[in-house]
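Since the structure comes first, as structure tokens, the remarks are kept for the end.
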Amino acid sequence: MEAQKLYRLPKLEYDYNALEPYISEELLRLHHEKHHAAYVKGANTIIEKMDKARTDNADFDTKATFKELSFHIGGQLLHSLFWENLSPASKGGGNPSGTIAKLLDEEYGSFERFKKIFSQTANSVEGSGWAALTFCMGTQRPMIMQVEKHNTNVYPMFRILMVLDVWEHAYYLDYKNDRGKFVEAFWNIVNWDEVNSRLEKILNS
Ligand code: MN
């Protein structure tokens, strides 16, 4: 039996109650241990089925399989990035500094204006999806985008600097249907050092 190369649920770098009062312990635990874990399991189940098909030299429904696989891998990737661009409430949020601060000022005029546009982007995602701050490798400029579900509108040329999950499962337990209030709360727990570090890695690569 070959060694299994599969996805794993990453551990959070902070306690489940560290994002309170902006995200409750109950919500974060559920989001990580149930929702994120389900995408990891979903992706691995499909990969194992494809492995079995190879062993059996059998065909599989490539269209349906790769569509579903893309969804689950997107869920795994975006949630992993999301946890890392959040920071315990005691040291999160505030204004960015360094390279990311300069980039956002240049592109959007001011940090406040960037925040407003990003919030509007998150609030206007239709159905389930994400708001993402990306960096376009083609223009070398930041670009705010909406990701539908976990995988639609994700392109290799747009590298992800920061994401915000606006699926209902990300906020309903704490905020009911008030997504806007959740998006406002998000600004208190952004890990700007992580966002800046992602940008610098891209610029220096
Ligand atoms: Mn989620």
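Observations on the model:
- LEU77 vs. criteria under 21 Å from LYS181 (Cβ atoms), among the aliphatic types (A, V, I, L, M) and not assigned by TED's automatic domain parsing to the domain that holds SER128: no
- Of residues in the stretch 67-90 being among the aliphatic types (A, V, I, L, M) and away from the ligand (no atom under 16 Å from the Cβ), the one farthest from MET50 (Cα to Cα): ALA89
- Members of the stretch 41-83 found to be in contact (Cβ under 8 Å) with a residue 24 or more places away in the chain and acidic (Asp, Glu), listed by number: GLU48, GLU68
- Taken over the stretch 167-189, the criterion of being in contact with a Ser or Thr (Cβ under 8 Å, 6 or more places away or on another chain) and within 13 Å of the ligand (Cβ to nearest atom) is satisfied by TRP167, GLU168, LEU173.
- Leading residue by the ranking (nearest to the ligand (Cβ to nearest atom)) among those in the stretch 51-62 that are more than 28 Å from LEU81 (Cβ to Cβ) and acidic (Asp, Glu): ASP61
- Look at the stretch 84-112: where a residue is surrounded by fewer than 14 Cβ atoms within 10 Å (Cβ to Cβ) and a partner is in a helix (DSSP H, G or I) and among the hydrophobic types (A, V, I, L, M, F, W, C), sitting 6+ places away or on another chain with Cβ atoms under 6 Å, you get ASN95/PHE111.
- Being surrounded by 13 or more Cβ atoms within 10 Å (Cβ to Cβ) and either at pLDDT below 95 or touching a Ser or Thr at 6+ places or on another chain (Cβ under 9 Å) (or both) is a description that does not apply to HIS31.
- Any helices (runs of 4 or more DSSP H) falling wholly within the stretch 96-205 and containing at least 1 residues that are over 17 Å from the mean Cα position of the chain (by Cα) and farther than 20 Å from HIS31 by Cα: 98-108, 111-123, 192-203
- Some residue of the stretch 35-50 being touching a Leu at 6+ places or on another chain (Cβ under 9 Å), within 12 Å of the ligand (Cβ to nearest atom), closer than 25 Å to VAL195 by Cα and open to solvent by 40 Å² or more (accessible area, probe 1.4 Å): no
- Filtering the stretch 69-83 to residues that are open to solvent by less than 30 Å² (accessible area, probe 1.4 Å) and more than 15 Å from VAL195 (Cβ to Cβ) leaves LEU69, HIS72, GLY74, GLY75, GLN76, HIS79.
The values are calculated or read from the model by the stated rules, or taken from the named source; none is laboratory data. Owing to the predicted nature of the structure, the values given are computational and were not obtained by experimental measurement. Using ideal geometry, Cβ is built from the backbone for each residue, glycine included, and neighbour counts are taken over all protein chains shown. Note: areas computed on protein heavy atoms with side chains; ligands, DNA, RNA excluded. Shrake-Rupley method; radii C 1.70, N 1.55, O 1.52, S 1.80 Å.
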